[in-house]
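A.B. asks: Before we start, here is the structure in question, set down as structure tokens.
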Amino acid sequence: MADHGTDTAVKMASNEVPFGPLPGVAEAVAAAMGESYRYADHMATAVAEAFARSVGVDRERVAVGPGSVGLLQQLTLAYAGPDDEVLYPWPSFVAYPQFSGIVVANQVTVALKRHSIDVDAVLAAITERTRLVFISNPNNPVSPALRSGDLLRLIEGAPSTCLIVIDEAYREFVTGADVPDALGLLADHANVVVLRTLSKAFGMAAMRVGFLIGDPVVVAAVNATLIPFAVNGPAQAAALAALEQRDEVARRCAMVIAERGRVAQVLRRSGLGLPASQANFWWLPSGNRSRDLALALERRGVVVRPFPTGIRVTVGLAEENELFLAALDEVRAGHPDFFGDWGLPTERLAGSTADFLDRLDVAIERLRAHAVAAHDGLTRPVPAETEQWEAAQIWAHIAEFGDYWLGQLDAVLDAASEQPVPFGRTRRDAHRIAAIEEGRLRPVDVHLDTIERAADRLGALVAELTADDWRRVGLHETLGEMDVARQLDEFHIGHYEQHADQLDELTQGSG
Ligand SMILES: Cc1ncc(COP(=O)(O)O)c(C=O)c1O
């Protein structure tokens, strides 16, 4: 405010939540001040126990540190030195290069692909000298998250001699059905380490309390590097009070999540594409004018965080988000040149991305409703065919086609050639028929889970398609050349809609 001579400003730059401390936290801190002339418990034992209980892990798997950045520094001190390699996708969290630099490790960075972590490239970059791999999931500052198949492929493809650190600072904001909770991976993988924090969703950024969850051997090595009494007494009291407030945390996160989705669609409809965020911030892929854009927003009282290739904006209260949108509109009107290097579709293409995403949400919501409804009878045959289906076959088909068509879309997008890429299958494909026959015996809730996961991956991919991606063309055996929009209509989003329509028919049939 002093820099720009303004008398109000909103801070949307550091990924805190905008709600103030959780109930009971300030009181717990005040009460703990009475004991602040004595050293607190160095190991924060009660906090470790409360956290372990709250997430369902063994207490000996938990280390408490001064924020998750404190634990990141401890991990780096414990596990990496000169001649070792520390690997991380980039852009990612700025602490990764900072701490790797302190221990003079070789820093290996791996570029993102379509705004997401490129697992194949990460695996290709791992060597026998790699000690630590930092995966921010969701990835700060870019906002998308790795899905379960990719994360598992990374973990299983990496040698057991390197620690895979899954930094889940934003876990509580994740909504993607296929984004894994890395705590579930610990039991089978001794080299996986998870980081969590009370700074974000729990609203305790200034109190500095974070958690590392991993193999007890790693926990012991990390604890050996903890600065004595680094997690202070009032912070421990605050953590105990905050961990009691899981319901309130969930309620607050739901508000952030709703605003995150609303504003992202407003931005796309206004002609500015952005990746689908799984965290409490948006990434604006503003490219080489990011600094100028951030400064222009700041002059209008909206403080955001610029990076070399984009801007990170923390989700605020609805009225703060409106101030951000209004400031962005104003800057856009006055400085269209700041938007000339945008890394995702702009104008009409951004709007049609928004339309596809909305349609996908609606279609999956319809399927969710159908999963608890009764169906009866057989579908009408599609034109020029005789086949009729019962509901169980429809479910089996929806569940099997999601993965299949995502694989085909990937193939079209990744093909080296600019020529139309042969892709797809027809109604008579043997794998398709077998999958439907086999799947019709499976319960609907199992299918719905599979469907939601595939739709989650599809939504993330659609949001990240570049203008070049949209121009890709596939060559289908019977339907001929199809661009990506037509593929989405025919095989993905329109396909979910078409089968939701069929289920509608069978619900009416069942009276
Ligand atoms: C990916 C990631 N990890 C860790 C942190 C640090 O959080 P803490 O406050 O727990 O140190 C942040 C904060 O910005 C973050 O974005």
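Here is a yes/no grid of residues against (1) touching a Gly at 6+ places or on another chain (Cβ under 6 Å); (2) open to solvent by 30 Å² or more (accessible area, probe 1.4 Å); (3) outside any loop (DSSP other than H, G, I, E, B):
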position: 175; (1), (2), (3): no, yes, no
position: 178; (1), (2), (3): no, no, no
position: 190; (1), (2), (3): no, yes, no
position: 195; (1), (2), (3): no, no, yes
position: 211; (1), (2), (3): no, no, yes
position: 219; (1), (2), (3): no, no, yes
position: 231; (1), (2), (3): no, no, no
position: 237; (1), (2), (3): no, no, yes
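A.B. asks: Give the residues of segment 191-207 that are closer than 25 Å to residue 133 by Cβ and in contact (Cβ under 8 Å) with a residue 60 or more places away in the chain, sorted by residue number.
C.D. replies: Residues satisfying the conditions are 193, 195, 196, 197, 199, 200, 201.
A.B. asks: Only one of 88, 39, 79 is assigned by TED's automatic domain parsing to the domain that holds residue 185, touching a Phe, Trp or Tyr at 6+ places or on another chain (Cβ under 9 Å) and closer than 24 Å to residue 154 by Cβ; which?
C.D. replies: Step by step, each of 88, 39, 79 is checked, and only 88 is assigned by TED's automatic domain parsing to the domain that holds residue 185, touching a Phe, Trp or Tyr at 6+ places or on another chain (Cβ under 9 Å) and closer than 24 Å to residue 154 by Cβ.
A.B. asks: Please work out which residue is nearest to the ligand (Cβ to nearest atom), limiting yourself to segment 48-78 and to residues that are closer than 20 Å to residue 101 by Cα and among the hydrophobic types (A, V, I, L, M, F, W, C).
C.D. replies: The extreme case among them is 69.
A.B. asks: Can you tell me which residues in segment 193-239 are of a type in the set (Val, Ile, Thr) and either closer than 16 Å to residue 137 by Cβ or within 13 Å of the ligand (Cβ to nearest atom) (or both)?
C.D. replies: 193, 194, 197, 209, 213, 231, listed by residue number.
A.B. asks: Pairs, please: C-beta under 8 Å, at least 6 apart or cross-chain, first residue farther than 18 Å from residue 443 by Cα and in segment 366-386, second open to solvent by less than 60 Å² (accessible area, probe 1.4 Å) and β-branched (Val, Ile, Thr)?
C.D. replies: Listed pairs, sorted by first residue: 379/394.
A.B. asks: Would you confirm whether or not segment 81-89 contains a residue that is within 13 Å of the ligand (Cβ to nearest atom), under 24 Å from residue 141 (Cα atoms) and touching a strand residue (DSSP E or B) at 6+ places or on another chain (Cβ under 6 Å)?
C.D. replies: Scanning segment 81-89 turns up at least one residue that is within 13 Å of the ligand (Cβ to nearest atom), under 24 Å from residue 141 (Cα atoms) and touching a strand residue (DSSP E or B) at 6+ places or on another chain (Cβ under 6 Å).
A.B. asks: Given the condition assigned by TED's automatic domain parsing to the domain that holds residue 394 and over 30 Å from residue 265 (Cα atoms), answer yes or no: does some residue in segment 459-470 qualify?
C.D. replies: If we filter segment 459-470 for residues that are assigned by TED's automatic domain parsing to the domain that holds residue 394, which is where we start, we get 459-470.
Okay, now just the ones that are also over 30 Å from residue 265 (Cα atoms), so none.
Looking through segment 459-470, none of the residues is assigned by TED's automatic domain parsing to the domain that holds residue 394 and over 30 Å from residue 265 (Cα atoms).
A.B. asks: Related question: Can you name the residue in segment 11-29 that is open to solvent by 20 Å² or more (accessible area, probe 1.4 Å) and farther than 21 Å from residue 236 by Cα and is also nearest to the ligand (Cβ to nearest atom) among such residues?
C.D. replies: 14
A.B. asks: Are there any pairs, at least 6 apart or on different chains, whose C-beta atoms fall under 6 Å, with the first in segment 256-285 and within 16 Å of residue 360 (Cα to Cα) and the second of a type in the set (A, V, I, L, M, F, W, C) and open to solvent by 10 Å² or more (accessible area, probe 1.4 Å), and if so, which?
C.D. replies: Matching pairs, first to second residue: 276/460.
A.B. asks: Within segment 31-68, count every residue that is in contact (Cβ under 8 Å) with a residue 60 or more places away in the chain, small (Gly, Ala, Ser) and not in a helix (DSSP H, G or I).
C.D. replies: 6
A.B. asks: Please verify whether residue 313 is β-branched (Val, Ile, Thr) and open to solvent by 20 Å² or more (accessible area, probe 1.4 Å), treating the condition exactly as stated.
C.D. replies: Judged against the criteria, residue 313 is not a match.
A.B. asks: I'd like to check something: does segment 342-361 contain any residue that is within 30 Å of residue 203 (Cα to Cα) and surrounded by fewer than 17 Cβ atoms within 10 Å (Cβ to Cβ)?
C.D. replies: The answer is yes, given that some residue of segment 342-361 is within 30 Å of residue 203 (Cα to Cα) and surrounded by fewer than 17 Cβ atoms within 10 Å (Cβ to Cβ).
A.B. asks: Of everything in segment 362-373, what is open to solvent by less than 70 Å² (accessible area, probe 1.4 Å) and among the hydrophobic types (A, V, I, L, M, F, W, C)? Give them in sequence order.
C.D. replies: 363, 364, 367, 369, 371, 373 - these are the residues of segment 362-373 that are open to solvent by less than 70 Å² (accessible area, probe 1.4 Å) and among the hydrophobic types (A, V, I, L, M, F, W, C).
A.B. asks: Give me the strands (runs of 3 or more DSSP E) completely within segment 69-159, filtered to those with at least 2 residues that are open to solvent by 10 Å² or more (accessible area, probe 1.4 Å), ordered by residue number.
C.D. replies: 85-90, 106-111
A.B. asks: Determine if segment 152-174 includes at least one residue that is away from the ligand (no atom under 16 Å from the Cβ), in contact with a strand residue (DSSP E or B) (Cβ under 7 Å, 6 or more places away or on another chain) and among the small types (Gly, Ala, Ser).
C.D. replies: Yes, segment 152-174 contains at least one residue that is away from the ligand (no atom under 16 Å from the Cβ), in contact with a strand residue (DSSP E or B) (Cβ under 7 Å, 6 or more places away or on another chain) and among the small types (Gly, Ala, Ser).
A.B. asks: Suppose we filter segment 39-53 for residues that are open to solvent by 20 Å² or more (accessible area, probe 1.4 Å), out of contact with any Gly (no Cβ under 7 Å at 6 or more places or on another chain) and closer than 14 Å to residue 230 by Cβ; how many remain?
C.D. replies: Within segment 39-53, residues that are open to solvent by 20 Å² or more (accessible area, probe 1.4 Å), out of contact with any Gly (no Cβ under 7 Å at 6 or more places or on another chain) and closer than 14 Å to residue 230 by Cβ number 4.
A.B. asks: Also, quick follow-up: Would you point out the residue of segment 481-511, among those that are of a type in the set (D, E, K, R) and over 24 Å from residue 448 (Cα atoms), that is most open to solvent (accessible area, probe 1.4 Å)?
C.D. replies: That would be 481.
A.B. asks: If you don't mind, there's one more thing I want to ask. Would you point out which residue out of 475, 503, 479 is assigned by TED's automatic domain parsing to the domain that holds residue 391, in contact with a strand residue (DSSP E or B) (Cβ under 9 Å, 6 or more places away or on another chain) and over 12 Å from residue 360 (Cα atoms)?
C.D. replies: Residue meeting the stated conditions: 475.
The values are calculated or read from the model by the stated rules, or taken from the named source; none is laboratory data. Because the structure is predicted, anything quoted here is derived from the model rather than measured. No Cβ is skipped: glycine too gets one built from the backbone with ideal geometry, and neighbour counts run over all protein chains shown. Remember, those area values only see protein heavy atoms, side chains included, never the ligands or the DNA or RNA. Shrake-Rupley method; radii C 1.70, N 1.55, O 1.52, S 1.80 Å.
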